[in-house]
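Written out below as structure tokens is the structure these notes cover.
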Amino acid sequence: MEKQNLIFLPLLLATQLSFAGSYTDEAKVVSVTPSYSNHIIREPYQDCYMKEVYQGNRGDGSATNEIIGGIFGGLIGNQFGKGRGKDAATVAGTLLGASLAHDDELANSRNGRTVRQEVCETKYRNESERRLDYHRVEYHYKGRSFTYTTQNKPYSDTIKVRVRVSPE
């Protein structure tokens, strides 16, 4: 019994396939509508200009030089005087050492100079461009309307269509 089913199944499929088929026919093009979209194009360019730039030592921004100057000034001031005078000389030496270190840092920063230098930056220009995306084609075949989209515009008022026929 199983053998009969195995023989019957391919026979059934072959009969179904013999009724199915397709052929090519022509349909009338009713309209072709192009579809566009806007695309943003980002184009880089160089923007160059002259800028005044300071060249020189502006100091390091820390208080290290002043602290070291104060320590050395305090050590030197501590060598003078006796009793309260020694304490006053130490304090005066500390303040004078810190002040001298600060003045030296300022003097070094004034030795710089301002020069004109060309500076270039990359900037972007945005342009909008309208581009064709596709054509929407409407056609009639056997009294019915159909549509499809394509990159290429049909070159005649008819198109070829594939008609498939199969049993329900």
**Study point:** Matching residues, the stretch 109-168, being basic (Lys, Arg), within 29 Å of residue 30 (Cβ to Cβ) and more than 32 Å from the chain's Cα centre (by Cα)
**Key:** 136, 142, 144, 153, 160, 162, 164
Revision key, fill the gap. Expected output for the stretch 77-98 (first residue in contact (Cβ under 8 Å) with a residue 24 or more places away in the chain, partner surrounded by fewer than 16 Cβ atoms within 10 Å (Cβ to Cβ) and among the small types (Gly, Ala, Ser), Cβ below 9 Å, 6+ apart or cross-chain) is 98/63
Check your understanding: Quick check, is residue 67 hydrophobic (A, V, I, L, M, F, W, C) and in contact (Cβ under 8 Å) with a residue 24 or more places away in the chain?
Key -> yes
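Yes/no per residue for (1) surrounded by fewer than 16 Cβ atoms within 10 Å (Cβ to Cβ); (2) over 30 Å from residue 162 (Cα atoms):
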| residue | (1), (2) |
| --- | --- |
| 77 | no, yes |
| 82 | yes, yes |
| 85 | yes, yes |
| 96 | no, yes |
| 107 | yes, yes |
| 113 | yes, yes |
| 121 | yes, yes |
| 133 | yes, no |
| 137 | no, no |
Practice item. Output the residue which, of all residues in the stretch 29-64 that are at pLDDT below 80 and of a type in the set (Gly, Ala, Ser), is surrounded by the fewest Cβ atoms within 10 Å (Cβ to Cβ). Key: 61
Exercise for review: Please verify whether the stretch 122-133 includes one or more residues that are at pLDDT 90 or above and more than 30 Å from residue 47 (Cβ to Cβ).
Suggested key: yes
Exercise for review: Output the number of residues of the stretch 65-99 satisfying the condition of being modelled with pLDDT of 80 or more and within 28 Å of residue 53 (Cα to Cα).
Suggested key: 1
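The values are calculated or read from the model by the stated rules, or taken from the named source; none is laboratory data. Quick caveat: nothing in here was measured; it's all calculated off a predicted structure. A quick note on method: Cβ atoms are made from the backbone with ideal geometry, for glycine too, and the neighbour counts reach across all protein chains shown.
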